[in-house]
Amino acid sequence: MNSTVDIEERIGKCQKILESDPNSQIFAALAEAHRRKGELDKAFRICQNGLKIHPSYGSAHVVMSKINLDRGLYDWAEAEARKAAEIDGWTRATELLLAEIHIYKGEYNKAVKLLTRLHEGDQGNPQISKLLKIAKNLPREDKASQASEYKMPTVIVKSEKRTPAPAPPPEPIPTPRPVAKEPLSTRDLLKQAVGILGVEGAVSINREGLVLDSEWGIRDDSGVYGATIGDIVNHVDQELIQGCFGSVKSVLIETEERTLYVIRADQNVFLFVASAQANLGSLRMKLEDLMSRQVEE
């Protein structure tokens with residue numbers, strides 16, 4: 001069921017069965033088909049409604065776990081995977097799903113331990129081997145990335161002990177000339193933004209919340225972010241106008257999983273999505289520096 005035609009066909013068949021029998025367990029297959037199609041909100045609602053009727057249906061909890069993994073809700077995804085195992089027992093598929101969740105949560109040691117045990121029992125399984133390689137390599141890549149971002153060279157100067165010569169008269173210190181910074185197009189600005197440590201996605205949004213351009217490395221839909229942020233900025237802007245504070249310049253939103261930093265330009269709004277662990281002070285300075293070089297197009 002990889003092609004769009006196959007998925008649409010499966011959705012149509014499952015939908016007909018569910019309409020004729022609202023209590024059918026086919027809801028799990030229908031939710032999975034919508035998930036594969038990328039319709040995560042619809043998949044979530046279908047699966048959630050079905051689980052209210054069939055709370056002990058283990059396969060549906062597996063589907064709900066995958067949906068929440070795709071939505072970036074990793075704790076919820078893990079809880080659903082464990083619920084499925086509680087009902088039906090641990091299977092290789094459920095353990096692989098849990099290992100993938102550990103990787104996305106940054107819990108590499110847990111993932112490696114689980115995948116090593118699975119690999120010992122099934123060394124020819126390519127999916128296990130691939131996930132195990134990822135779980136082992138990602139911590140090294142993260143450390144290398146942090147080192148290249150923060151490591152400063154250490155310079156050691158050795159000299160022989162000798163009688164110091166008289167110091168020459170001090171020369172006037174020339175005043176440094178400001179270095180002109182290269183202006184950035186919207187495309188270049190977004191590319192440089194995601195190169196900042198901790199930034200996972202950057203989008204340009206119009207005043208109606210429509211995404212105009214993006215550099216997006218997040219599993220969630222950038223369009224959903226754009227529409228939501230557009231509504232938030234417009235609402236806050238309206239409230240500030242009513243309160244005589246002036247229009248919105250920037251908005252900072254901190255959630256459990258991510259930090260959203262919104263900066264308004266003359267024509268558009270820019271949204272930068274960073275991990276919750278990102279250094280806010282450094283992040284704001286770097287993003288505001290990029291925005292100061294942005295050229296309206």
### Task
Can you tell me which residue among HIS102, HIS34, HIS61 is touching a helix residue (DSSP H, G or I) at 6+ places or on another chain (Cβ under 7 Å), within 24 Å of LYS136 (Cβ to Cβ) and in a helix (DSSP H, G or I)?
HIS102
### Task
Kindly indicate whether any position in region 7-26 is under 25 Å from the mean Cα position of the chain (by Cα) and exposed (fewer than 12 other Cβ atoms within 10 Å of the Cβ).
no
### Summary
In region 99-138, anything within 18 Å of ASP75 (Cα to Cα) and touching an Asp or Glu at 6+ places or on another chain (Cβ under 7 Å) is listed as ILE101, LEU114
### Task
Identify, by number, the condition in (1) surrounded by fewer than 19 Cβ atoms within 10 Å (Cβ to Cβ); (2) at pLDDT 95 or above that LYS105 doesn't meet.
(2)
### Query
Can you name the residue in region 210-228 that is of a type outside the set (Gly, Ala, Ser), in a loop (DSSP other than H, G, I, E, B) and in contact with a strand residue (DSSP E or B) (Cβ under 9 Å, 6 or more places away or on another chain) and is also surrounded by the most Cβ atoms within 10 Å (Cβ to Cβ) among such residues?
ASP220
### Task
Filter region 204-230 down to the residues that are touching a helix residue (DSSP H, G or I) at 6+ places or on another chain (Cβ under 8 Å) and among the hydroxyl-bearing types (Ser, Thr, Tyr), then identify the one that is nearest to VAL248 (Cα to Cα).
SER204
### Task
Could you check how many residues of region 184-209 are of a type in the set (D, E, K, R) and outside any helix (DSSP H, G or I)?
3
### Message
Of everything in region 63-78, what is modelled with pLDDT of 95 or more and either more than 25 Å from VAL273 (Cβ to Cβ) or surrounded by fewer than 20 Cβ atoms within 10 Å (Cβ to Cβ) (or both)? Give them in sequence order.
### Response
VAL63
### Message
Take residues that are modelled with pLDDT of 85 or more, surrounded by fewer than 16 Cβ atoms within 10 Å (Cβ to Cβ) and not assigned by TED's automatic domain parsing to the domain that holds LEU73 and tell me which of the strands (runs of 3 or more DSSP E) falling wholly in region 244-296 contain 1 or more.
### Response
250-254
#### Entry: Check on SER159, modelled with pLDDT under 60 and hydroxyl-bearing (Ser, Thr, Tyr)
yes
### Query
Within the set of pairs 6 or more residues apart or between chains, which connect a residue that is at negative phi inside region 185-198 to a residue that is in a loop (DSSP other than H, G, I, E, B) and not aromatic (Phe, Trp, Tyr) with Cβ atoms less than 7 Å apart?
SER185/VAL295; SER185/GLU297; THR186/GLU297; VAL194/GLY217
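The values are calculated or read from the model by the stated rules, or taken from the named source; none is laboratory data. The structure displayed is predicted, hence computed values, not measured ones. No Cβ is skipped: glycine too gets one built from the backbone with ideal geometry, and neighbour counts run over all protein chains shown.
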